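The values are calculated or read from the model by the stated rules, or taken from the named source; none is laboratory data. Remember, predicted model here, so these are calculated numbers, not experimental data. Please note: Cβ atoms are built from the backbone with ideal geometry, for glycine as well, and neighbour counts cover all protein chains shown. Surface accessibility is based on the protein's heavy atoms, side chains included, excluding ligands, DNA and RNA. Shrake-Rupley method; radii C 1.70, N 1.55, O 1.52, S 1.80 Å.
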Amino acid sequence: MSERAIIEVARGAGGGAPVASLRGARSRTAKEAAIGGLLFAAGAVSILTTVGIIAVLVWESLAFFRRVSVAEFLTGTVWTPLFVPQHFGVLPLLMGSVLVSIIAAGIAIPLGLGSAIYLSEFAPERLRRFLKPVLEILAGVPSVVYGYFALTFVTPLLQPLVPGLQLFNALSAGIVVGIMVLPLIASLSEDAMNAVPRGLRQGAYALGATKFEVATRVVTPAALSGIVASFILAISRAIGETMAVVLAAGMTPNLTLDVRESIQTLTAYIVQVSLGDTPFGSIEYQSIFAVGLLLFAVTLGMNVFGRWFLKRYREEYA
Amino acid sequence: MSVERHSLEAPPELVARRRRGKVFQYLCLSATLVGVVTLVVLLADVLIDGVAWLTPTFFTEFPSRIPARAGIKSALYGTVWLMGLCALISFPLGVAAAVWLEEYAKKGWLQTVIQTNIANLAGVPSIVYGILGLAVFVRWMVPFTGGRSVISGALTISLLVLPILIIASQEAIRAVPGSIREASYGLGATKWQTVRHHVLPNAMPGILTGTILALSRAIGETAPLIMIGALTFIAFVPDGPRDQFTVLSIQIYNWASRPQPEFQHLAAAAIIVLLMLLLSMNALAIWLRNRHHREW
């Protein structure tokens, strides 16, 4: 390379002064290394975030567990932290989250899987181009809007059909959370189905299978790891869902399986405490970190499991 | 062999199989349409409830105990402040992290750890970011952030959208073909020159699309902002990043959680504004994607 070209290249770098000869190479290397370091620092922010989340949750939870035993927290059936006598049994909250997630899964799994099969196997291209963005918009509607929808539309709609349905209830909350996570299942499962090679389908057709048989007995089993992973990730999302549940399911810690009643989820409790004027350092303040730690552990566990499952059971089609 | 076997009619067993297939196809179509219908009903519900309340004063008034005089001025300003700061914080960080992961990091444990970590962070419930923000930005960094301020909210929301932004930027960078990098190296450019002058400009439409989509997620976030204390009666507009604030989504929650029907209507009107903002951001992202879409 001519010296002139090097000068051109060095000028092109902008920023620093033009380097007139190869003597500049060292400073250029130094600059390159500094930039590499800066870029790495940006990547390291994500590690800091994780460390920060865990440190904050564990630190404040430790303070909480000095006042309430872990056993009482995890096995107690009464949760009354905001009035005396205080009880810190998290099971009612956990049950609330599980109940909402079960309802949501009952809605989102059949509808999401049906949508995925339709989009991947049956939909004509033009219809697909319309349906995909609609599902994307459905996924993009903010949680608080779904909460409003559950409270002002779904519950009044269900009240004549479900006798004894309270204004705040687990059922409406579960239904809208199901609608919220439906697009996640639909798009992840569809991706998994699209990854099934054409040859498998064509082989089945050649053996005389109908479209239905190809979809249910070839494509779905071949994409099963992706489909199951999408279920797990969706349920994890449902457990972490907050505003829809806060607005629609109420704030009543309630160890029940009755979906007509008002309940409180882990997430809704954290919001409830933040709404009040809870002084830093009080046991109520510390309790949100213990609940947050439980929520974080459950959702992280499910996400890690979901992705492990995806990797472990993926059929490789080279 | 019987005569029927030679006719063009399908055997009854195949007819039944095909019929089962048709039924299944329509079941799957109905499942897909549930999502579409829900979206239409949701939009119609919100429009019917709220459109009459979208008066000019709705945009110019502060929240009020009297529904007819209540407006979203402070929430709109707060949302613009929050989004602006969030973009300023998350865009450079996200793009830099993506460049490091795609162009600089050597394949190895460090890259794997960071990549896995980002994927995990994307699945952390937003309220957990709220807890982090409350402990770190509101309490710990109070001399810098001023406590329950716009900057605390923006930092919290930035951490929340960073994983989405990084993953989207990585995809955009990965879509730039290797031949462009090789041509640049072939002319003697350094790594950073290659990235700055060739990779990033070519990846920018994709990165911007991802950024807008990440911010459109941020604009509807509510729970983490309630955690850091944005739910207070705010009848003023923030003057700086250390001021208290409220945002549209919080205002919606505030109104929706009141029993009086007038406040429900206000909530619906504010939802219309929020959804309009959100849809225009999405439209902008799609336009950007289509306009600059390039086949290599």
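So what's the Cα pair-distance distribution over the range A:72-153, bin width 5 Å, in %?
3, 11, 12, 15, 13, 13, 11, 7, 5, 4, 3, 1, 0
If only Cα atoms are counted, what is the Rg of the range B:26-82, and what is its Dmax, in Å?
Calculated on Cα positions, Rg and Dmax stand at 17.3, 50 Å.
Please quote Rg/Rh for chain A to two decimal places, taking the Kirkwood radius as Rh and restricting both calculations to Cα atoms.
1.13
If you project the alpha carbons of the range B:58-291 onto their three principal axes, what span does each projection cover, largest first, in Å?
In descending order, the Cα extents are 69, 41, 30 Å.
Under a Cβ-only charge scheme (Lys and Arg +1, Asp and Glu -1), can you give me the dipole magnitude of the protein assembly as shown about the Cα centre, in debye to the nearest 20?
1460
For residue A:312 and residue A:34 in the same chain, what is the full-extension length gain: residue separation times 0.36 nm, less their Cα-Cα distance, in nm?
Length difference between fully extended and current span is 96.2 nm.
Once the dipole of the range A:91-312 is set up with Lys and Arg at +1 and Asp and Glu at -1 on Cβ about the Cα centre, which of A:175, A:224, A:276 lies farthest towards its positive end?
Checked the options; the winner is A:224.
Quote the accessible area belonging to residue A:284 in square angstrom, nearest 10, computed with a 1.4 Å probe and with ligands, DNA and RNA left uncounted.
About 40 Å², ignoring ligands and nucleic acids.
Of A:109, A:206, A:99, which is farthest on the positive side of the dipole of the range A:99-242, counting Cα position, with +1 on Lys and Arg Cβ, -1 on Asp and Glu Cβ, and the Cα centre as origin?
A:206
Over chain A, what relative contact order in percent results from Cα pairs under 8 Å that are six or more residues apart?
24 percent.
So what are the radius of gyration and Dmax for the Cα set of the range A:111-177, in Å?
15.5, 45
Find the all-direction average of the projected area of the Cα convex hull for the range A:41-189, expressing the result in square nanometres with one decimal place.
Averaged projected hull area, Cα only: 13.9 nm².
Taking a label point 7 Å from the Cα of residue B:41 along the Cα→Cβ vector, which residues of the range A:124-154 have an amide N closer than 11 Å to it?
Residues A:150, A:153-154 qualify, since their backbone N sits under 11 Å from the label point.
Under Stokes-Einstein, with the Kirkwood radius over Cα pairs standing in for Rh, what whole-number D in µm²/s applies to the range A:34-75 at 10 °C and 1.306 mPa s?
127
Give the Rg/Rh ratio for the protein assembly as shown, taking Rg as the radius of gyration of the Cα atoms and Rh as the Kirkwood radius, to two decimals.
1.01
From Cα coordinates alone, what are the radius of gyration and Dmax values for the range B:174-256 in angstrom?
21.3, 61
When the expected Rg is taken as 2.2 N^0.38 Å, what fraction or multiple of it is the alpha-carbon Rg of the range B:4-53?
2.19
Select from the range B:1-107 those trypsin sites (Lys or Arg not before Pro) which occupy a DSSP coil region and have at most 15 other Cβ atoms within 10 Å, ordered by residue number.
Taking the range B:1-107 and a limit of 15 other Cβ atoms within 10 Å, the loop trypsin sites (Lys or Arg not before Pro) found are B:65, B:106, B:107.
Springs between alpha-carbon atoms under 10 Å, Gaussian network over chain A: tell me which of A:44, A:222, A:204 tops the mean-square fluctuations.
Taking springs between Cα atoms under 10 Å, the residue moving most is A:44.
Counting only helical runs of four or more DSSP H residues, what would the 222 nm mean residue ellipticity of the protein assembly as shown come to if each run contributes -39,500 (n - 2.57) and the total is spread over all its residues?
-22000 deg cm²/dmol
Which FRET efficiency value, to the nearest 0.05, is calculated for residue A:162 and residue A:87 with the Förster distance at 25 angstrom and r the Cβ-Cβ distance?
0.25
Size of the dipole of chain A about the Cα centre, Lys and Arg at +1 and Asp and Glu at -1 on the beta carbon, nothing else charged, in debye to 20?
Taking the Cα centre of chain A as origin, the dipole is about 1120 debye.
For chain A, set up a GNM with springs between Cα atoms under 10 Å and report which of A:94, A:48, A:57 has the largest fluctuation.
Maximum fluctuation in the GNM of chain A, among the listed residues, is at A:48.
Convert 10 °C to kelvin, take the viscosity as 1.306 mPa s, use the Kirkwood radius over C-alpha pairs of the range A:174-318 as Rh, and evaluate the Stokes-Einstein diffusion coefficient in µm²/s, rounded to a whole number.
88
Put +1 on the Cβ of every Lys and Arg and -1 on every Asp and Glu Cβ in chain B; which of B:274, B:163, B:87 then has its Cα farthest towards the positive end of the dipole?
Final value for the positive-end residue is B:163.
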